[in-house]
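Some notes on the structure that comes next.
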Amino acid sequence: MIQVALCPSEIRRISATDLSGVTAVVFDVLRATSSVITGLASGVEAIIPVRTVEEARDRKRKDPELLLAGERDGLPPQGFDLGNSPEEFAKIKGRRVVMTTTNGTAAIESVRLASKVLIGALLNLDALADYLFTHPARNLLLVCAGTGEEFSLEDAVAAGALVARLPYDQGVSDSAIMTRSLYERVGNDLDEWLRETKNGKHLQKIGKGADIRWCARLSVFNLVCQLSGGNIISLTD
Ligand code: MLT
């Protein structure tokens with residue numbers, strides 16, 4: 001069965017249920033999961049997602065070797081080493097990064113008790129689809145992190161792009177069919193659609209429009225990442 005959690009309230013509801021036996025794929029296309037994928041593809045050793053800015057700072061106090069990354073309102077919190085732009089993550093090699101973002105890391109945290117938590121973005125869709133083909137999940141939950149408390153189009157499009165690549169012809173929920181139809185409607189105009197989203201407009205307003213172009217690229221990284229013992233690591237050699 002493929003199910004899709006379309007917004008934060010639905011993620012909270014599902015996180016209170018038994019997630020054993022569930023493979024979750026978390027999408028926060030603009031920009032948290034795109035930054036995670038870019039970082040791990042470029043040589044970041046591991047990313048530690050945490051909920052709050054204070055928790056991130058506390059981790060760094062205990063281990064000064066860590067880098068702090070993330071955003072609030074799209075911008076890096078005071079004293080952080082980097083924000084939430086994928087191009088910043090592309091420059092980090094061989095370091096461990098603590099990351100906190102408004103929706104993305106919160107969504108990852110919410111489903112941490114699932115049997116498997118994978119990280120999804122447009123950037124690694126084919127790799128994810130190949131992985132799920134060779135490691136089929138009986139219960140697949142696609143988690144759309146959203147923007148603030150709201151549904152976000154970009155995460156639903158990415159979830160639909162994954163649904164469209166999976167060989168399941170039975171056991172697809174209404175929400176999964178809806179995201180697939182949305183993806184088919186968007187076609188190749190990903191960059192254009194992402195610019196029209198609430199988060200896309202906000203990123204352009206704060207001068208981060210280049211991040212949208214980066215995140216709108218399809219399957220440019222052959223990489224699958226998994227949450228393992230609180231760290232997001234690459235499963236790909
Ligand atoms: C989030 O986690 O809410 C987003 O990644 C926000 C952003 O940096 O655009």
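We did not get these values from a lab; they are worked out from the coordinates using the rules stated. What you see is a predicted model; the values in this text were computed from it and never measured. Cβ sites come from the backbone with ideal geometry, for glycine too, and all protein chains shown count toward neighbours.
Normalising the average separation of contacting C-alpha pairs (under 8 angstrom, six or more residues apart) by the number of residues puts the relative contact order of region 2-234 at 32 percent. Among 140-147, 54-61, sorting by the average number of other beta carbon atoms lying within 10 angstrom of each residue, highest first, gives 140-147, 54-61.
What separates the Cα centres of region 178-227 and region 5-41 is a distance of 16 Å.
Computed over region 1-86, the alpha-carbon pair-distance distribution with 10 angstrom bins reads 14, 39, 33, 13, 0, each value a whole percent. Cβ crowding within 10 Å ranks His202, His135 as His135, His202, fewest other Cβ atoms first.
Note on Gln226 and His202: their simple-model spin labels are 3.2 nm apart, each label 7 Å out from Cα toward Cβ. Sorting 91-97, 160-166 by their mean Cβ neighbour count within 10 Å, with the most densely packed peptide first, gives 160-166, 91-97. Check the straight Cα-Cα distances from Lys62 and name the aspartates and glutamates below 20 Å, setting aside those fewer than 8 residues away within the same chain. Leaving aside aspartates and glutamates fewer than 8 places away in the same chain, those within reach of Lys62 are Glu45, Glu54, Asp81. A simple charge model with +1 on the Cβ of Lys and Arg, -1 on the Cβ of Asp and Glu and nothing else charged puts the dipole of region 15-139 at about 260 debye relative to its Cα centre. Dividing the helix sum by the residues of the chain, where each DSSP H run of 4 or more adds -39500 (n - 2.57), gives a mean residue ellipticity at 222 nm of -11500 deg cm²/dmol.
Peptides 23-31, 65-73 ranked from most to least packed, by the mean per-residue count of other Cβ atoms within 10 Å: 23-31, 65-73.
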